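The structure appears right after this line, and notes come after that.
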Amino acid sequence: MSNNVHRPTFIGIHSRDPSTQILYISSGCRQSMGFTPSYLVSKRARDFIADPYQGDYSSVFESKEEDEDVDEANAYVMYMNIKTANGDPVLHRSTTFKCDNCVIVIAMAFPELPYQNRHELEVQMLD
């Protein structure tokens, strides 16, 4: 018996400003979230976060002008519950890469795990 578990995965790009407007999302979002890419493009990524901190999500990617010379992380890993088309939240592991004007996201779903309310956005910076 194989222990391989299929993990629906998608790649997305959203704006780095507080709107988090989705600019691109791969077809993997169909299996991961139940939405088509054409439905998600132009929507706000933060609106699909099913956790209480959804309004704080964009602050992870903000930079202050006085901090431009500071060696700051550009890659992050975070776990969050994402709203699916049927309304159920599904845990996703997101690896994000902060670019000049956008954020590149690679997200992997864990649909077999039971829902747990994640009260805080836990972010791990990658070097």
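Assorted remarks:
- Choice from 36, 20, 95 with maximal GNM fluctuation in the chain (Cα, 10 Å cutoff): 36
- Ranking 59, 75, 31 by Cα position along the charge dipole of the range 14-127, where only Lys, Arg, Asp and Glu carry charges on their C-beta atoms, puts 31 farthest toward the positive end.
- Rounded percent of accessible protein surface that carbon and sulfur make up, the chain, 1.4 Å probe: 49 percent
- Contact order for the chain, expressed relative to its length and based on alpha carbon pairs under 8 Å spaced 6+ residues apart, stands at 29 percent.
- Modelled spin labels at residue 60 and residue 106, positioned 7 Å past Cα toward Cβ, are 1.5 nm from each other.
- Accessible surface ranking that places the most exposed of 108, 125 first, with a 1.4 angstrom probe: 125, 108
- Counting Cα-Cα pairs of the range 78-127 in 10 Å increments starting at 0 gives whole-percent bin shares of 23, 49, 24, 4.
- Residue with peak Gaussian network fluctuation, the chain [Cα springs, cutoff 10 Å], from 91, 40, 113: 113
- In this view, the solvent-accessible surface of residue 41, computed with a 1.4 Å probe and all protein chains in place, comes to about 60 Å².
The values are calculated or read from the model by the stated rules, or taken from the named source; none is laboratory data. Remember, it's a predicted structure, so these values are computed and weren't measured experimentally. Positions of Cβ are backbone-derived with ideal geometry, glycine not excepted, and every protein chain shown enters the neighbour counts. These area figures cover heavy atoms from the full protein model, side chains too; ligands, DNA and RNA do not enter into them. Shrake-Rupley method; radii C 1.70, N 1.55, O 1.52, S 1.80 Å.
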